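Structure first, then comments.
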Amino acid sequence: MADRVVLAYSGGLDTSVGIGRLRDATGKDVVALVVDVGQGGEDLAAIRQRALDCGAVESIVVDAKDEFADDYIVPALKANALHQKRYPLISALSRPLIAKHLALTATQLGADSIAHGCTGKGNDQVRFEAAVAAVAPHLSTLAPVRDLALTRDRAIAYAEEHGLPIEQSPRSPYSIDQNVWGRAVETGLLEDPWNAPPEDLYAYTQDPTVPRDPGEVTVTFEQGVPVAIDGQRFSVLRIVQELNALAGKHGVGRIDVVEDRLVGIKSREVYEAPAAVALIAAHEELESLTLERDVHRYKRHVEAEWADLVYDGLWFGGLKRSLDAFVDHTQQHVSGDVRLQLHGGRAVVTGRRSSQSLYDFELATYDTGDAFDQSQAKGFTDIWSLPSRIAARRDQAN
(Lines give C-alpha, C1' and ligand atoms only; values in the text may rest on other atoms or scores of the structure.)
Protein backbone atom coordinates (compact mmCIF):
# COMPACT_ATOMS: atom_id res chain seq x y z
CA MET A 1 0.00 0.00 0.00
CA ALA A 2 1.37 3.42 -0.94
CA ASP A 3 -0.16 4.89 2.21
CA ARG A 4 2.40 3.12 4.40
CA VAL A 5 5.90 4.08 5.48
CA VAL A 6 8.41 1.59 6.90
CA LEU A 7 10.41 3.04 9.79
CA ALA A 8 13.78 1.74 11.00
CA TYR A 9 12.80 1.33 14.65
CA SER A 10 15.19 1.14 17.60
CA GLY A 11 12.72 1.32 20.50
CA GLY A 12 14.15 4.58 21.78
CA LEU A 13 12.44 7.90 22.35
CA ASP A 14 13.02 9.45 18.93
CA THR A 15 11.82 6.56 16.79
CA SER A 16 8.94 5.80 19.17
CA VAL A 17 7.67 9.38 18.96
CA GLY A 18 8.54 9.34 15.28
CA ILE A 19 5.75 6.84 14.62
CA GLY A 20 3.06 9.31 15.59
CA ARG A 21 4.83 12.29 14.09
CA LEU A 22 5.20 10.52 10.75
CA ARG A 23 1.53 9.57 10.78
CA ASP A 24 0.47 13.11 11.69
CA ALA A 25 2.71 14.75 9.09
CA THR A 26 2.08 12.39 6.17
CA GLY A 27 -1.23 10.66 6.87
CA LYS A 28 0.53 7.32 6.28
CA ASP A 29 0.30 4.24 8.45
CA VAL A 30 3.67 3.39 9.98
CA VAL A 31 5.22 -0.08 9.93
CA ALA A 32 8.07 -0.41 12.45
CA LEU A 33 11.03 -2.57 11.40
CA VAL A 34 13.57 -3.78 13.94
CA VAL A 35 16.71 -5.35 12.46
CA ASP A 36 18.75 -7.40 14.92
CA VAL A 37 22.46 -7.01 14.13
CA GLY A 38 23.59 -8.21 17.56
CA GLN A 39 22.99 -4.95 19.38
CA GLY A 40 21.91 -6.67 22.59
CA GLY A 41 20.14 -4.65 25.27
CA GLU A 42 16.36 -4.93 25.53
CA ASP A 43 14.31 -7.93 24.54
CA LEU A 44 13.36 -7.47 20.89
CA ALA A 45 9.87 -8.82 21.56
CA ALA A 46 9.38 -5.97 24.06
CA ILE A 47 10.65 -3.46 21.49
CA ARG A 48 8.26 -4.88 18.91
CA GLN A 49 5.33 -4.47 21.30
CA ARG A 50 6.41 -0.93 22.17
CA ALA A 51 6.19 0.03 18.50
CA LEU A 52 2.62 -1.25 18.36
CA ASP A 53 1.75 0.58 21.58
CA CYS A 54 3.16 3.78 20.05
CA GLY A 55 0.82 3.53 17.08
CA ALA A 56 2.51 1.36 14.47
CA VAL A 57 0.03 -0.66 12.42
CA GLU A 58 2.57 -3.46 12.21
CA SER A 59 5.88 -4.25 13.86
CA ILE A 60 8.41 -6.60 12.31
CA VAL A 61 11.60 -8.03 13.82
CA VAL A 62 14.27 -9.44 11.51
CA ASP A 63 17.09 -11.59 12.89
CA ALA A 64 19.99 -10.53 10.67
CA LYS A 65 22.91 -11.38 12.97
CA ASP A 66 24.34 -14.16 10.80
CA GLU A 67 23.73 -12.17 7.64
CA PHE A 68 25.54 -9.22 9.18
CA ALA A 69 28.50 -11.41 10.15
CA ASP A 70 28.78 -13.34 6.89
CA ASP A 71 27.96 -10.65 4.32
CA TYR A 72 29.17 -7.44 5.98
CA ILE A 73 31.75 -8.21 8.67
CA VAL A 74 33.60 -10.78 6.56
CA PRO A 75 34.20 -8.38 3.61
CA ALA A 76 35.34 -5.72 6.09
CA LEU A 77 37.77 -8.16 7.71
CA LYS A 78 39.16 -9.28 4.36
CA ALA A 79 39.76 -5.59 3.62
CA ASN A 80 41.27 -4.93 7.10
CA ALA A 81 38.84 -2.02 7.07
CA LEU A 82 39.79 0.82 9.41
CA HIS A 83 38.56 4.33 8.59
CA GLN A 84 41.30 6.87 9.32
CA LYS A 85 43.44 3.81 10.19
CA ARG A 86 41.57 3.33 13.48
CA TYR A 87 37.77 3.00 13.26
CA PRO A 88 36.52 -0.50 12.29
CA LEU A 89 33.28 0.81 10.71
CA ILE A 90 30.96 -0.41 13.46
CA SER A 91 27.87 1.64 12.58
CA ALA A 92 28.82 2.13 8.94
CA LEU A 93 28.68 -1.64 8.31
CA SER A 94 25.21 -2.10 9.79
CA ARG A 95 23.46 0.74 7.93
CA PRO A 96 23.42 -0.78 4.43
CA LEU A 97 22.07 -4.04 5.85
CA ILE A 98 19.28 -2.24 7.73
CA ALA A 99 18.56 -0.15 4.63
CA LYS A 100 18.35 -3.28 2.50
CA HIS A 101 15.72 -4.77 4.82
CA LEU A 102 13.85 -1.47 4.93
CA ALA A 103 13.66 -1.46 1.14
CA LEU A 104 12.74 -5.15 0.98
CA THR A 105 9.95 -4.75 3.54
CA ALA A 106 8.61 -1.61 1.86
CA THR A 107 8.57 -3.37 -1.51
CA GLN A 108 6.83 -6.43 -0.09
CA LEU A 109 4.17 -4.23 1.54
CA GLY A 110 3.74 -2.02 -1.52
CA ALA A 111 4.82 1.05 0.45
CA ASP A 112 6.35 3.99 -1.40
CA SER A 113 8.59 5.32 1.38
CA ILE A 114 10.90 4.40 4.26
CA ALA A 115 11.98 6.44 7.29
CA HIS A 116 14.90 6.62 9.70
CA GLY A 117 15.60 8.46 12.96
CA CYS A 118 18.89 10.14 12.03
CA THR A 119 19.72 13.78 12.59
CA GLY A 120 21.06 16.13 9.94
CA LYS A 121 24.52 16.34 11.53
CA GLY A 122 25.62 12.74 11.24
CA ASN A 123 26.83 10.24 8.66
CA ASP A 124 24.00 7.75 9.12
CA GLN A 125 21.39 9.81 7.26
CA VAL A 126 23.63 9.59 4.18
CA ARG A 127 24.31 5.89 4.65
CA PHE A 128 20.63 4.98 4.92
CA GLU A 129 19.49 7.15 2.04
CA ALA A 130 22.35 6.31 -0.32
CA ALA A 131 21.83 2.60 0.32
CA VAL A 132 18.07 2.77 -0.26
CA ALA A 133 18.63 4.81 -3.42
CA ALA A 134 20.98 2.11 -4.71
CA VAL A 135 18.75 -0.91 -4.02
CA ALA A 136 15.25 0.61 -4.40
CA PRO A 137 15.42 3.92 -6.29
CA HIS A 138 11.62 4.16 -6.48
CA LEU A 139 11.35 4.67 -2.71
CA SER A 140 11.39 8.06 -1.03
CA THR A 141 12.91 8.63 2.41
CA LEU A 142 11.52 10.50 5.41
CA ALA A 143 13.54 11.60 8.43
CA PRO A 144 11.35 12.92 11.26
CA VAL A 145 14.19 13.98 13.57
CA ARG A 146 15.86 15.92 10.78
CA ASP A 147 12.91 17.03 8.65
CA LEU A 148 10.15 17.48 11.23
CA ALA A 149 12.26 19.33 13.82
CA LEU A 150 11.86 16.53 16.35
CA THR A 151 14.09 17.86 19.14
CA ARG A 152 14.38 15.88 22.36
CA ASP A 153 12.28 18.27 24.46
CA ARG A 154 9.54 18.19 21.83
CA ALA A 155 9.76 14.41 21.67
CA ILE A 156 9.33 14.14 25.45
CA ALA A 157 6.39 16.53 25.40
CA TYR A 158 4.77 14.57 22.56
CA ALA A 159 5.26 11.27 24.42
CA GLU A 160 3.70 12.68 27.60
CA GLU A 161 0.80 14.29 25.73
CA HIS A 162 -0.06 11.07 23.93
CA GLY A 163 0.67 8.71 26.82
CA LEU A 164 3.30 6.74 24.94
CA PRO A 165 4.96 3.88 26.85
CA ILE A 166 8.38 5.54 27.00
CA GLU A 167 10.13 5.65 30.36
CA GLN A 168 11.58 9.09 31.03
CA SER A 169 14.39 7.98 33.30
CA PRO A 170 17.40 10.27 33.68
CA ARG A 171 18.93 10.48 30.27
CA SER A 172 22.30 8.90 29.59
CA PRO A 173 24.68 11.70 28.69
CA TYR A 174 25.86 9.65 25.72
CA SER A 175 24.52 8.67 22.32
CA ILE A 176 25.23 4.96 21.84
CA ASP A 177 25.03 2.66 18.83
CA GLN A 178 26.10 -0.94 19.05
CA ASN A 179 26.10 -4.24 17.22
CA VAL A 180 28.09 -7.45 17.38
CA TRP A 181 31.11 -5.81 15.66
CA GLY A 182 31.40 -3.11 18.33
CA ARG A 183 29.99 -0.19 20.25
CA ALA A 184 30.07 3.52 19.37
CA VAL A 185 29.69 6.28 21.97
CA GLU A 186 29.49 10.04 21.43
CA THR A 187 28.10 13.33 22.86
CA GLY A 188 27.99 14.30 26.53
CA LEU A 189 31.37 15.15 28.02
CA LEU A 190 33.03 13.51 25.01
CA GLU A 191 32.14 16.58 22.96
CA ASP A 192 35.17 18.28 24.55
CA PRO A 193 38.11 16.34 23.02
CA TRP A 194 40.25 17.21 26.05
CA ASN A 195 38.05 15.21 28.42
CA ALA A 196 39.21 11.68 29.16
CA PRO A 197 36.53 8.99 28.80
CA PRO A 198 35.34 7.82 32.24
CA GLU A 199 35.53 4.13 32.99
CA ASP A 200 31.75 3.78 33.34
CA LEU A 201 31.40 4.69 29.67
CA TYR A 202 32.61 1.24 28.61
CA ALA A 203 30.48 -1.90 28.35
CA TYR A 204 32.22 -4.29 25.93
CA THR A 205 35.67 -4.04 27.54
CA GLN A 206 37.09 -4.31 31.04
CA ASP A 207 39.63 -1.84 32.43
CA PRO A 208 42.96 -2.77 30.79
CA THR A 209 44.96 -1.26 33.67
CA VAL A 210 43.66 -3.85 36.17
CA PRO A 211 46.36 -6.52 36.65
CA ARG A 212 45.39 -9.92 35.25
CA ASP A 213 47.18 -12.85 33.65
CA PRO A 214 47.55 -12.64 29.86
CA GLY A 215 45.18 -14.62 27.70
CA GLU A 216 46.07 -16.52 24.56
CA VAL A 217 43.93 -17.55 21.60
CA THR A 218 44.59 -19.07 18.19
CA VAL A 219 42.36 -18.06 15.28
CA THR A 220 42.14 -20.19 12.13
CA PHE A 221 41.36 -18.61 8.77
CA GLU A 222 40.33 -20.17 5.47
CA GLN A 223 40.68 -17.86 2.45
CA GLY A 224 40.53 -14.83 4.71
CA VAL A 225 37.49 -15.98 6.71
CA PRO A 226 37.82 -16.86 10.41
CA VAL A 227 36.54 -20.41 10.89
CA ALA A 228 37.85 -21.63 14.27
CA ILE A 229 39.09 -20.58 17.70
CA ASP A 230 41.68 -22.82 19.39
CA GLY A 231 40.88 -25.55 16.87
CA GLN A 232 37.12 -25.53 17.45
CA ARG A 233 35.06 -24.53 14.42
CA PHE A 234 32.31 -21.94 14.79
CA SER A 235 30.21 -19.69 12.59
CA VAL A 236 31.64 -16.24 11.92
CA LEU A 237 29.00 -14.77 14.23
CA ARG A 238 30.00 -17.08 17.07
CA ILE A 239 33.71 -16.35 16.55
CA VAL A 240 33.04 -12.61 16.80
CA GLN A 241 30.94 -13.13 19.92
CA GLU A 242 33.59 -15.34 21.55
CA LEU A 243 36.39 -12.90 20.78
CA ASN A 244 34.35 -9.99 22.08
CA ALA A 245 34.31 -11.81 25.43
CA LEU A 246 37.91 -13.09 25.36
CA ALA A 247 39.54 -9.88 24.13
CA GLY A 248 37.11 -7.59 25.94
CA LYS A 249 38.17 -9.17 29.24
CA HIS A 250 41.64 -7.72 28.66
CA GLY A 251 40.45 -4.29 27.56
CA VAL A 252 41.31 -4.88 23.91
CA GLY A 253 39.59 -2.63 21.36
CA ARG A 254 39.18 0.75 23.07
CA ILE A 255 39.47 3.49 20.45
CA ASP A 256 39.28 7.25 21.12
CA VAL A 257 39.36 9.24 17.89
CA VAL A 258 38.42 12.57 16.32
CA GLU A 259 36.72 11.76 13.01
CA ASP A 260 36.23 13.78 9.86
CA ARG A 261 32.54 13.28 9.20
CA LEU A 262 31.14 13.14 5.70
CA VAL A 263 28.96 16.20 6.44
CA GLY A 264 32.05 18.35 6.95
CA ILE A 265 32.46 18.55 10.73
CA LYS A 266 34.86 16.88 13.14
CA SER A 267 33.40 14.62 15.79
CA ARG A 268 34.98 12.94 18.81
CA GLU A 269 33.96 9.28 19.11
CA VAL A 270 34.85 6.50 21.51
CA TYR A 271 34.57 2.93 20.26
CA GLU A 272 34.81 -0.53 21.75
CA ALA A 273 35.57 -3.28 19.27
CA PRO A 274 37.47 -6.13 20.95
CA ALA A 275 36.75 -8.81 18.33
CA ALA A 276 37.27 -6.44 15.42
CA VAL A 277 40.67 -5.25 16.66
CA ALA A 278 41.85 -8.78 17.47
CA LEU A 279 40.65 -10.28 14.18
CA ILE A 280 42.06 -7.50 12.00
CA ALA A 281 45.44 -7.83 13.77
CA ALA A 282 45.42 -11.59 13.17
CA HIS A 283 44.26 -11.32 9.56
CA GLU A 284 46.88 -8.70 8.68
CA GLU A 285 49.63 -10.93 10.05
CA LEU A 286 48.43 -13.94 8.09
CA GLU A 287 48.44 -11.80 4.94
CA SER A 288 52.06 -10.80 5.66
CA LEU A 289 52.91 -14.50 5.47
CA THR A 290 50.88 -15.43 2.39
CA LEU A 291 50.64 -12.42 0.03
CA GLU A 292 53.25 -11.48 -2.56
CA ARG A 293 55.12 -8.25 -1.83
CA ASP A 294 53.52 -6.16 -4.58
CA VAL A 295 50.00 -7.47 -3.87
CA HIS A 296 50.44 -6.84 -0.16
CA ARG A 297 51.69 -3.31 -0.73
CA TYR A 298 48.99 -2.40 -3.26
CA LYS A 299 46.24 -3.89 -1.10
CA ARG A 300 47.00 -1.37 1.66
CA HIS A 301 45.92 1.43 -0.67
CA VAL A 302 42.78 -0.49 -1.63
CA GLU A 303 41.95 -1.06 2.03
CA ALA A 304 42.00 2.66 2.78
CA GLU A 305 39.78 3.42 -0.22
CA TRP A 306 37.39 0.57 0.67
CA ALA A 307 37.02 1.83 4.24
CA ASP A 308 36.40 5.40 3.07
CA LEU A 309 33.70 4.27 0.62
CA VAL A 310 31.85 2.30 3.29
CA TYR A 311 32.21 5.11 5.83
CA ASP A 312 30.74 7.48 3.23
CA GLY A 313 27.67 5.28 2.68
CA LEU A 314 28.62 3.79 -0.69
CA TRP A 315 28.39 0.10 0.24
CA PHE A 316 26.33 -0.64 -2.89
CA GLY A 317 28.37 1.65 -5.16
CA GLY A 318 30.17 0.44 -8.27
CA LEU A 319 33.69 1.24 -7.10
CA LYS A 320 33.22 -0.54 -3.79
CA ARG A 321 31.88 -3.65 -5.59
CA SER A 322 34.88 -3.58 -7.93
CA LEU A 323 37.27 -3.32 -4.99
CA ASP A 324 35.47 -6.29 -3.41
CA ALA A 325 36.46 -8.37 -6.42
CA PHE A 326 40.12 -7.40 -5.98
CA VAL A 327 40.08 -8.06 -2.24
CA ASP A 328 38.38 -11.45 -2.68
CA HIS A 329 41.04 -12.48 -5.22
CA THR A 330 43.81 -11.63 -2.77
CA GLN A 331 42.31 -13.98 -0.17
CA GLN A 332 42.62 -17.26 -2.05
CA HIS A 333 45.82 -18.22 -0.15
CA VAL A 334 45.10 -16.42 3.17
CA SER A 335 44.60 -19.61 5.17
CA GLY A 336 46.31 -20.68 8.36
CA ASP A 337 46.58 -20.08 12.10
CA VAL A 338 47.47 -16.95 14.06
CA ARG A 339 48.22 -16.96 17.78
CA LEU A 340 47.35 -13.84 19.77
CA GLN A 341 48.31 -12.78 23.27
CA LEU A 342 45.59 -10.68 24.90
CA HIS A 343 46.84 -8.43 27.68
CA GLY A 344 46.72 -4.85 28.92
CA GLY A 345 44.42 -3.58 26.19
CA ARG A 346 46.44 -5.09 23.33
CA ALA A 347 46.08 -8.05 20.99
CA VAL A 348 49.65 -8.98 20.02
CA VAL A 349 50.45 -11.61 17.41
CA THR A 350 52.99 -14.10 18.77
CA GLY A 351 52.86 -16.75 16.05
CA ARG A 352 51.61 -17.43 12.56
CA ARG A 353 51.68 -20.49 10.28
CA SER A 354 50.20 -21.47 6.94
CA SER A 355 50.46 -24.25 4.38
CA GLN A 356 50.22 -21.40 1.84
CA SER A 357 53.11 -19.47 3.39
CA LEU A 358 55.65 -17.69 1.17
CA TYR A 359 58.16 -17.68 4.03
CA ASP A 360 61.13 -19.91 3.11
CA PHE A 361 63.25 -20.74 6.15
CA GLU A 362 66.26 -21.77 4.03
CA LEU A 363 66.23 -18.37 2.32
CA ALA A 364 65.55 -16.40 5.51
CA THR A 365 68.05 -18.03 7.88
CA TYR A 366 71.45 -16.51 8.63
CA ASP A 367 72.86 -19.83 9.83
CA THR A 368 74.88 -22.42 7.92
CA GLY A 369 72.82 -23.86 5.09
CA ASP A 370 71.52 -20.49 3.96
CA ALA A 371 70.13 -20.98 0.42
CA PHE A 372 70.22 -17.28 -0.48
CA ASP A 373 72.95 -16.59 -3.03
CA GLN A 374 74.51 -13.42 -1.63
CA SER A 375 76.94 -13.17 -4.52
CA GLN A 376 74.09 -11.86 -6.68
CA ALA A 377 73.20 -9.07 -4.25
CA LYS A 378 75.98 -6.67 -5.27
CA GLY A 379 74.87 -6.51 -8.91
CA PHE A 380 71.23 -6.16 -7.89
CA THR A 381 72.06 -3.33 -5.50
CA ASP A 382 74.19 -1.54 -8.10
CA ILE A 383 71.41 -1.62 -10.69
CA TRP A 384 68.74 -0.67 -8.13
CA SER A 385 70.83 2.33 -7.04
CA LEU A 386 71.67 3.46 -10.58
CA PRO A 387 68.80 6.02 -10.97
CA SER A 388 69.74 7.61 -7.65
CA ARG A 389 73.39 7.79 -8.63
CA ILE A 390 72.61 9.40 -11.99
CA ALA A 391 70.27 11.96 -10.40
CA ALA A 392 72.82 12.77 -7.70
CA ARG A 393 75.50 13.49 -10.32
CA ARG A 394 73.15 15.88 -12.10
CA ASP A 395 72.16 17.67 -8.88
CA GLN A 396 75.78 18.04 -7.74
CA ALA A 397 76.76 19.49 -11.11
CA ASN A 398 74.13 22.29 -10.92
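The values are calculated or read from the model by the stated rules, or taken from the named source; none is laboratory data. What you see is a predicted model; the values in this text were computed from it and never measured. Methodologically, a virtual Cβ is constructed for each residue, glycine included, from the backbone with ideal geometry; neighbour enumeration extends over all protein chains shown. To get the accessible areas, we keep the full protein, side chains included, count just its heavy atoms, and leave off ligands, DNA and RNA. Shrake-Rupley method; radii C 1.70, N 1.55, O 1.52, S 1.80 Å.
When the distances between all Cα atoms of the range 355-398 are binned every 10 Å from zero, what whole-number percent does each bin get?
Final binned percentages: 22, 28, 25, 16, 8, 1.
Under 5 Å between amide H atoms, partner at least 5 residues away or on a different chain: which partners does E216 have, H built in plane at 1.01 Å?
L342
Let a ≥ b ≥ c be the square roots of the eigenvalues of the Cα gyration tensor of the range 108-246; is it rounded (a/c under 1.5), or, if not, prolate (a/b larger than b/c) or oblate?
Verdict is oblate for the range 108-246.
Mind checking Rg over Rh on the chain, alpha carbons, Kirkwood formula for Rh?
Rg/Rh: 1.06.
So if the hydrodynamic radius of the range 295-346 is defined as the Kirkwood radius over C-alpha pairs, what does Stokes-Einstein give as its diffusion coefficient at 37 °C and 0.692 mPa s, in µm² per second?
Translational diffusion coefficient: 253 µm²/s.
Taking all protein chains in place and a 1.4 Å probe, what share, in percent, of the accessible surface of the range 275-398 do carbon and sulfur account for?
It is 53 percent, rounded to a whole number.
For the range 38-120, go through all pairs of different Cα atoms, get the mean of 1/r, take its inverse, and jot down that Kirkwood value in Å.
14.9
Over 21 Å between C-alpha atoms is what I'm after, so list which of K121/K266; K85/K266; K85/K121; K28/K65; K65/K121 land there.
Those over the limit are K85/K121; K28/K65; K65/K121.
Would you work out the Kirkwood radius for the range 253-314? I mean one over the mean of 1/r across all pairs of different Cα atoms, in Å.
13.7
Could you derive backbone 3J(HN,Hα) for the range 383-398 from the dihedral phi with the Karplus parameters 6.51, -1.76 and 1.60 (θ = phi - 60°), listing whole Hz in sequence and x where the residue is Gly or Pro?
Values, residue by residue: 5, 4, 7, 4, x, 5, 5, 5, 5, 5, 4, 4, 5, 6, 7, 8 Hz.
If you build a Gaussian network model of the chain, linking Cα atoms that sit under 10 Å apart, which residue out of T119, T368, T26 swings the most?
Most flexible of the set in this elastic network: T368.
Using the alpha carbons of the range 1-160, what is the convex hull volume per residue in cubic angstrom, as a whole number?
117
Please report, to one decimal in angstroms, the Kirkwood hydrodynamic radius of the range 248-398 built from all distinct Cα-Cα pairs.
Roughly 19.7 Å, rounded to one decimal.
Convert each backbone phi in the range 255-272 into a coupling constant with the Karplus relation 6.51 cos²θ - 1.76 cosθ + 1.60 (shift: θ = phi - 60°), then list the ³J(HN,Hα) values in order as whole Hz, x for Gly and Pro.
Computed from phi, the couplings for the range 255-272 are 10, 10, 9, 9, 9, 9, 5, 4, 7, x, 10, 8, 9, 8, 10, 10, 10, 10 Hz.
Per residue of the range 278-284, what does 6.51 cos²θ - 1.76 cosθ + 1.60 with θ = phi - 60° give for ³J(HN,Hα)? Whole Hz please, x for Gly and Pro, Karplus curve as stated.
Couplings: 5, 5, 5, 4, 5, 5, 4 Hz.
Longest span of the chain, sites excluded, free of trypsin sites (Lys or Arg not before Pro) in DSSP loop with at most 10 other C-beta atoms within 10 Å?
172-398
Return the calculated 222 nm mean residue ellipticity for the chain, to the nearest 500 deg cm²/dmol, obtained by summing -39500 (n - 2.57) across DSSP H runs with n ≥ 4 and dividing by the residue count.
It lands at -13000 deg cm²/dmol.
Among all the aspartates and glutamates, which ones have a C-alpha under 15 Å from K299's C-alpha, if same-chain residues fewer than 8 places away are not counted?
Here the aspartates and glutamates satisfying the reach criterion relative to K299 are E284, E285, E287, D308, D324, D328.
Suppose we flag chymotrypsin sites (Phe, Trp or Tyr not before Pro) only when DSSP calls them loop and at most 10 other Cβ atoms lie within 10 Å. Which is the longest uninterrupted stretch of the chain?
Counting only loop sites that pass the neighbour cut-off, the longest clear stretch is 1-193.
Pull up the DSSP beta bridges for the chain and report the antiparallel fraction as a percent, rounded to 5.
If we restrict to bridges inside the chain, about 70 percent are antiparallel.
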